[in-house]
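Structure first, commentary second.
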Amino acid sequence: MTDSNDRELVISDLRVAPAAHPDQEILKGIDLTIRKGETHAIMGPNGSGKTTLAYALMGHPSYIVRSGEVRWKGRNLLTLTPDKRSRLGLFLAFQYPTAVPGLSVASFIRSALNAKLQGVDKTGDVDPTDPTRGGVSMLDFRRQMREKMALLKMEDSFAARYVNDGFSGGEKKRLEMLQMAMLSPEFAILDETDSGLDIDALRIVAEGVNAMLNPEMGVLLITHYQRLLNYITPDFVHVLAAGRIVKSGGKDLALRLEDEGYGPILREAGFEADVPDDALAVPQEPEVAGASR
């Protein structure tokens, strides 16, 4: 029988501060369990700590974990370097992907896939450059790339372009989804994947995510908009505010947020918002209209 630890990521009392201000906690005790096959959406006002949670889970050096642990596959992720967390099956789709001029999309993804194939402990039994020793042949790699790019409605020529160099907002997010499709993570963190997308690009990205959902992958979906949840249906919705999860529920919670904003829920949780309710409304439209193709 499979150990339950192999099927769930458990966050316990996670407290995180920025490296530049280690005494100022952004996350003030996060407790959350996400199992394979589940999609959890995190919503919250600006500055509530949503992106901090994503970065802390992947080991971003700009953040310091002051206390707590994150258990995954029998290990405390917080003791591992970011590359080892990735080798252990985690994936992060960035809100603002970085451009890498001179590095082609195909070379970038193949290097990442080869690195993951080596495993977290990098034994000599696997040589990702040798198909006879656990690697992927160039023929198989190209076939997989074409299949995944077709899924995301990307032209074959996309593979030869430089990573995010001159990409539109939609193209950057589709590349994040292409990486996810090729790496087949067991736990995916999607940090505001909908940010900056017009409705057509949002739908294509969401269709790609839905096509990848499976019983062997858990998803933490961080979003500022309820609109994304019209395309990707979460199993659970959590409201993050003031560094804590103050409310959890199902899709109906996201719909309530769309109608009422965060103000009523914050008051129910005992927080006195220092801004009017209309400033805590859930955005209905893209941040940048027509920002993507």
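So the values come out like this:
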item: Among the candidates Gly59, Gly37, residue that is over 27 Å from Pro264 (Cα atoms), open to solvent by 30 Å² or more (accessible area, probe 1.4 Å), of a type outside the set (D, E, K, R) and in contact (Cβ under 8 Å) with a residue 12 or more places away in the chain; result: Gly37
item: Subset of region 203-219 (residues that are in contact (Cβ under 8 Å) with a residue 40 or more places away in the chain and under 14 Å from Met182 (Cβ atoms)); result: Gly208, Ala211, Met217
item: Selection count where residues are surrounded by fewer than 22 Cβ atoms within 10 Å (Cβ to Cβ) and within 18 Å of Thr52 (Cβ to Cβ), scope region 244-267; result: 3
item: The listed residue being under 29 Å from Phe167 (Cα atoms) and assigned to a loop (DSSP other than H, G, I, E, B), out of Pro97, Pro101; result: Pro97
item: Residue in region 158-183 that is farthest from Ala206 (Cα to Cα), counting only those that are in a helix (DSSP H, G or I) and basic (Lys, Arg); result: Lys172
item: Failed item, numbered, when Leu57 is tested on (1) in a helix (DSSP H, G or I); (2) modelled with pLDDT under 95; result: (2)
item: Members of region 62-91 that are part of a loop (DSSP other than H, G, I, E, B) and surrounded by 20 or more Cβ atoms within 10 Å (Cβ to Cβ); result: Gly89
item: Output for region 145-183, where each listed residue is of a type in the set (S, T, N, Q) and either in contact (Cβ under 8 Å) with a residue 40 or more places away in the chain or crowded, with 17+ Cβ neighbours inside 10 Å (or both); result: Asn164, Ser168, Gln179
item: Search result, residues across region 113-146 that are among the small types (Gly, Ala, Ser) and either at pLDDT 90 or above or at positive phi (or both); result: Gly119, Gly134
item: Any hit, region 216-231, residues being among the polar types (S, T, N, Q), open to solvent by 10 Å² or more (accessible area, probe 1.4 Å), assigned to a helix (DSSP H, G or I) and more than 30 Å from Glu258 (Cα to Cα); result: no
item: Residue selected from region 44-54 under the condition touching a residue at least 60 places away in the same chain (Cβ under 8 Å) and outside any loop (DSSP other than H, G, I, E, B), by the criterion surrounded by the fewest Cβ atoms within 10 Å (Cβ to Cβ); result: Thr51
item: Region 4-26, residues that are assigned to a strand (DSSP E or B) and touching a helix residue (DSSP H, G or I) at 6+ places or on another chain (Cβ under 6 Å); result: Val16
item: Residues of region 190-215 classified as outside any helix (DSSP H, G or I) and among the charged types (D, E, K, R), total; result: 4
item: So Ala41, is it closer than 23 Å to Gly218 by Cα, in contact with a Phe, Trp or Tyr (Cβ under 6 Å, 6 or more places away or on another chain) and either in a helix (DSSP H, G or I) or not β-branched (Val, Ile, Thr) (or both); result: no
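The values are calculated or read from the model by the stated rules, or taken from the named source; none is laboratory data. This is a predicted model, so every value here is computed, not measured. We place every Cβ from the backbone using ideal geometry, glycine too, and count neighbours over all the protein chains shown. These area figures cover heavy atoms from the full protein model, side chains too; ligands, DNA and RNA do not enter into them. Shrake-Rupley method; radii C 1.70, N 1.55, O 1.52, S 1.80 Å.
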